[in-house]
1. Residues to consider are L30, L79; find the one that is out of contact with any Phe, Trp or Tyr (no Cβ under 6 Å at 6 or more places or on another chain) and at negative phi.
2. For V269, only one of the following conditions fails: (1) under 27 Å from A76 (Cα atoms); (2) aliphatic (A, V, I, L, M); (3) at pLDDT below 80. What is its number?
3. Any idea which of T46, T108 is in a helix (DSSP H, G or I), touching a helix residue (DSSP H, G or I) at 6+ places or on another chain (Cβ under 9 Å) and more than 27 Å from A265 (Cα to Cα)?
4. Looking only at region 56-93, which residues are assigned to a helix (DSSP H, G or I), over 18 Å from T277 (Cβ atoms) and without any contact (Cβ under 8 Å) to a residue 24 or more places away in the chain?
5. What residue, of V218, V283, V245, is open to solvent by less than 20 Å² (accessible area, probe 1.4 Å), over 30 Å from R163 (Cβ atoms), modelled with pLDDT under 85 and touching a helix residue (DSSP H, G or I) at 6+ places or on another chain (Cβ under 8 Å)?
Amino acid sequence: MAKTHNVTEFIFLGLFSNQLVQKVCFVIFLLLYVAIVLGNFLIVLTVMSSRSLGSPMYFFLGYLSFVEICYASTTAPRLISDLLAERKAISLWGCMSQVFFIHLFGGTEIFLLTVMAYDRYVAICKPLNYTTIMNRQACAFLVGAAWVGGFVHSLAQILLVFRLPFCGPNVIDHYFCDVLPLLKLACSDTFLIGLLIVANGGTLSVISFIVLLASYVVILLHVRIRSSEGRRKALSTCGSHITVVTLFFVPCIFIYLRPSTTLSADKMVAVFYTVITPLLNPVIYSLRNAEVKKAMERLWVRAMKPEER
């Protein structure tokens, strides 16, 4: 660390300053976080226990739901506890750890969504070769590659921030530690580091988003020759993926493509991609997918049987 690094902790301003609003938000965000954990855990449990959900699509969905739990858990518990705290402080190392894990799970989610788009492309455009291409080894490799990609992305982010000197002030106008609020507090020129953050975070989000949209355009063009039933099923599946991709990538692009400036709306946008999107994912995938709903019903029936005896 630099010799001018005198800061040992950071103080969050949080989402709101009004104490009554904070108490109301404590209840709201606590319920939202519980819903995130239970909803995504239910999908993981359903995929793991149901033989009918043995296809690669559900294999990836189970991992995505697990990542969503981890991703939300890096910010939501801290946000909830700070809503009742008078002094919202976090240590330097705690702050750096939060930055690392946010980008680890966020980066992994980006690559997982890309893998899921590739899976849908193979399933719809190359159905005869689907089981050969997307075999167990290939699926395990793709999931592993997503985790490695998330780790490399996160490592690059934390190395950029870790080298910054912080000599005061130490007040972060946010509710969690991230690269952009920390750039504002550094007592050195951050122009070059800002450009590197754009290249690592913003550009990654934009390129991945464009690739994902392009893949779905190819899929939608391909399904035009299918029967009406096949076209309906393909559109339903792709519709769920496109919704999730849009909900996650648009806020991320809004935030990370302009590190030199911060806006008052950034905190609310961050709430959307750290809390709302992980909450909506299980709803979107379960309510729009008949197979998942049926598997959940069977899981519920099996769980209730011991009590009926």
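1. Working: L79 fails: out of contact with any Phe, Trp or Tyr (no Cβ under 6 Å at 6 or more places or on another chain).
One residue alone meets the criteria, L30.
2. (3)
3. On the way: T108 fails: more than 27 Å from A265 (Cα to Cα).
So the residue among T46, T108 that is in a helix (DSSP H, G or I), touching a helix residue (DSSP H, G or I) at 6+ places or on another chain (Cβ under 9 Å) and more than 27 Å from A265 (Cα to Cα) is T46.
4. Narrowing region 56-93 to residues assigned to a helix (DSSP H, G or I): 56-73, 76-82, 92-93.
Those still in the list that are over 18 Å from T277 (Cβ atoms) too: 56-59, 81-82, 92-93.
Once the filter is applied, which keeps residues that are assigned to a helix (DSSP H, G or I), over 18 Å from T277 (Cβ atoms) and without any contact (Cβ under 8 Å) to a residue 24 or more places away in the chain, region 56-93 yields S81, W93.
5. On the way: V218 fails: open to solvent by less than 20 Å² (accessible area, probe 1.4 Å); V283 fails: open to solvent by less than 20 Å² (accessible area, probe 1.4 Å).
Step by step, each of V218, V283, V245 is checked, and only V245 is open to solvent by less than 20 Å² (accessible area, probe 1.4 Å), over 30 Å from R163 (Cβ atoms), modelled with pLDDT under 85 and touching a helix residue (DSSP H, G or I) at 6+ places or on another chain (Cβ under 8 Å).
The values are calculated or read from the model by the stated rules, or taken from the named source; none is laboratory data. Because the structure is predicted, anything quoted here is derived from the model rather than measured. Heads up, the Cβs are rebuilt from the backbone with ideal geometry, glycines too, and the neighbour counts pull from every protein chain shown. Side chains are part of the model used for accessible areas, which takes the heavy atoms of the whole protein and leaves out ligands, DNA and RNA. Shrake-Rupley method; radii C 1.70, N 1.55, O 1.52, S 1.80 Å.
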